[in-house]
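As structure tokens, the structure follows; a few thoughts come after it.
The values are calculated or read from the model by the stated rules, or taken from the named source; none is laboratory data. Computed from a prediction, not measured in an experiment: that's the story for all the values here. No Cβ is skipped: glycine too gets one built from the backbone with ideal geometry, and neighbour counts run over all protein chains shown. We work out accessible area using only protein heavy atoms, side chains counted, and drop any ligands, DNA or RNA first. Shrake-Rupley method; radii C 1.70, N 1.55, O 1.52, S 1.80 Å.
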Amino acid sequence: MSARADAAPWKRRNEPFTGIVDVEGQPLNVAIRPGRGTGTPLLFCNGIGANLELLDPLVAALGDAMAGTEVIRFDVPGIGGSPAPRWPYRFWSLARLVRRLLDTLGHPRADVMGVSWGGLLAQQFAWSEAAHCRRLILAATVPGMTMVPGSLSALVHMLGPERYGNRDAMLAQAPKIYGGVFRNAPERISDHWERLHGNRGGGYYLQMLAAMGWSSLYFLPLLRQPTLILSGDDDPLAPAINGRIMASLISCARLRILPCGHLFVLTHAEEVAGLVRDFVADPAMVARGVTHSLA
């Protein structure tokens, strides 16, 4: 269902919603999968150039693992169905926009899961909007420009959005960028490319600009949210050493190192959904630790 924001259709919590929500003058394309009851929703921050539909496999898996939890996705301004912003943004201002989105939807706080570039935004949200973040989940991400760099060829391909508009470019670049099953399964790459739409080159570069000079290392020791960090051991973009560094700095973090590439939230959606479910449902503060296998 798609509708304009002035009808406030997202207020009908028992119905799925996909459409434009006006957040204090910035239209955002938002998808909401309704839950049951009044529990804390799960909000996703997606990767660079990634429209919200790319997370469909994980949201479908969460439908089995976390059927009672409301799941919220949105397109960053300039990506997918969200119009470009009037001005460039930084992570602190985008985190504030996410908080205002939660306010608009009537949620005082959320469990926040950030994937890749979205993991940087999720870290910023947990820091600068701390009262609105109950738990933090970081997948295939790094602590910003102070990361331990991955493959040079992968990083070079990330400089532009060509793969988002050219299928042949995606087929050629995906094994180098994403690793994992994409190295030898071109049909998986084609499925991924088919879900891409609406990326605007300007929006991609705005996301790149937001990350320039940004680092979370100085505030990670000050985070108090229970945190689950998921890293892949075959990730050319975000080597698992970055997950180890972040887990060592966050006072209440659990690290899982998975035998996967960068896009494991999609290629291993069922397993990741189980890990997220168990973490969110754990009533105790999680203990720091490292595990080298999928649950």
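Quick notes on this one:
- Selection of helices (runs of 4 or more DSSP H) fully inside the stretch 104-193 by the criterion of at least 3 residues being under 17 Å from Gln225 (Cα atoms) and of a type in the set (A, V, I, L, M, F, W, C) returns 117-128.
- First in the stretch 213-226 and closer than 15 Å to Ala95 by Cβ, second anywhere and among the aromatic types (Phe, Trp, Tyr) and open to solvent by less than 60 Å² (accessible area, probe 1.4 Å), Cβ under 7 Å, 6 or more apart: Trp214/Phe91
- When residues in the stretch 81-94 are screened for being under 17 Å from Leu52 (Cα atoms) and either over 16 Å from the mean Cα position of the chain (by Cα) or crowded, with 24+ Cβ neighbours inside 10 Å (or both), 4 of them pass.
- Test for Ser190: is it farther than 25 Å from Arg109 by Cβ and either open to solvent by less than 50 Å² (accessible area, probe 1.4 Å) or charged (D, E, K, R) (or both): yes
- Whichever residue in the stretch 198-245 is among the hydroxyl-bearing types (Ser, Thr, Tyr) and at pLDDT 95 or above and, among such residues, is most open to solvent (accessible area, probe 1.4 Å): Tyr218
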